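Chemist: Once you've had a glance at the structure underneath, I'll fire off some questions.
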Amino acid sequence: MKITASTSQTLKQEELKSKGSKATKQAQDPKDSPKADKAKSVDVSGIKDSQLAQNLKNTNSDIGRLQVAQKSLKTIESDVKKFAELADEDKETFDKGEKDDIRTQMQDLKKNIESVLKKATFEGTSVFAKNIKDGSGNVIFNAPKLKVGLLDTDAKKFYDILKEQQSEIKDAIDTLKEQADNDAEKLNAKDGVKVAKQDAKETDGSFLRKLDSLFRVSHDTDKLNNQRVQELLA
């Protein structure tokens, strides 16, 4: 096929008609406009990811509170046990000297216990100030249940609550660690999908740029030759 001035002119005219037709169609159909496309595609994945990350942060904070509480209870355990034993002795002792000695020991132990519990804080807040819940809202550590005032009225009950809370804390930490692992896996999975999508987008973009380059060459009549026309018509 021989390229002539007429052929070049015809190709240019066809190209202009094609562009004009597409522009007219886009103007008539608002759904095809860039603004319409942008409005239709609202990505909420970032909001969900942000909430998931916040949940993970809160869970880790709760684990930190539990670990501080665990260490504090371990520290006072022997003192509380001794206090309860002395409280029983005090009830059975009638000698004033012995009674005074017992009560002095009890006061010293109580000061130590109160001091440890007062210092048991996490991020500026007492770890025994409020309950800790799991992701479903269930209370897994009843923190305020341990009240220092109970030492004076029922030391044995205070010790029993301490042992109960030690068991609660151990189970609560296990529960929250599993919860944190699950949330972390979800976040990692989402990050993996994002990376894969980004890689695919970059690959598609590279391909489209090459295709666009070929398209521009195919419509440049100055670069047309017989072989190129045959390729386009094939």
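The values are calculated or read from the model by the stated rules, or taken from the named source; none is laboratory data. As the structure is a prediction and not an experimental result, all values here were calculated from the model. All Cβ positions, even for glycine, are placed from backbone atoms using ideal geometry, and neighbour counts span all protein chains on display.
Chemist: Looking at residue 110, is it surrounded by 14 or more Cβ atoms within 10 Å (Cβ to Cβ), in a helix (DSSP H, G or I) and either at pLDDT 95 or above or on the phi < 0 side of the Ramachandran plot (or both)?
Modeler: So residue 110 passes the test.
Chemist: Hey, another quick one. If you scan segment 130-147, which residues turn out to be surrounded by fewer than 16 Cβ atoms within 10 Å (Cβ to Cβ) and under 19 Å from residue 118 (Cβ atoms)?
Modeler: Those that are surrounded by fewer than 16 Cβ atoms within 10 Å (Cβ to Cβ) and under 19 Å from residue 118 (Cβ atoms): 130, 144, 145, 147.
Chemist: Still on this structure: Just wondering, is there one or more residues in segment 148-168 that are exposed (fewer than 13 other Cβ atoms within 10 Å of the Cβ) and not in a helix (DSSP H, G or I)?
Modeler: Yes - at least one qualifying residue is present in segment 148-168.
Chemist: When you go through 134, 90 one by one, which is the residue that is closer than 21 Å to residue 173 by Cα and at pLDDT 95 or above?
Modeler: None of the other options fit; the residue is 134.
Chemist: Of the conditions (1) within 15 Å of residue 68 (Cα to Cα); (2) touching a strand residue (DSSP E or B) at 6+ places or on another chain (Cβ under 8 Å), residue 123 fails just one. Which one is it?
Modeler: Among (1) within 15 Å of residue 68 (Cα to Cα); (2) touching a strand residue (DSSP E or B) at 6+ places or on another chain (Cβ under 8 Å), the lone unmet condition for residue 123 is (2).
Chemist: How about segment 116-129: which of its residues are assigned to a loop (DSSP other than H, G, I, E, B), surrounded by 12 or more Cβ atoms within 10 Å (Cβ to Cβ) and without any contact (Cβ under 8 Å) to a residue 60 or more places away in the chain?
Modeler: Result: 120, 128, 129.
Chemist: Now a separate question. So for segment 69-90 (the condition being assigned to a helix (DSSP H, G or I), within 32 Å of the chain's Cα centre (by Cα) and surrounded by fewer than 17 Cβ atoms within 10 Å (Cβ to Cβ)), does at least one residue qualify?
Modeler: For segment 69-90, residues assigned to a helix (DSSP H, G or I), within 32 Å of the chain's Cα centre (by Cα) and surrounded by fewer than 17 Cβ atoms within 10 Å (Cβ to Cβ): present.
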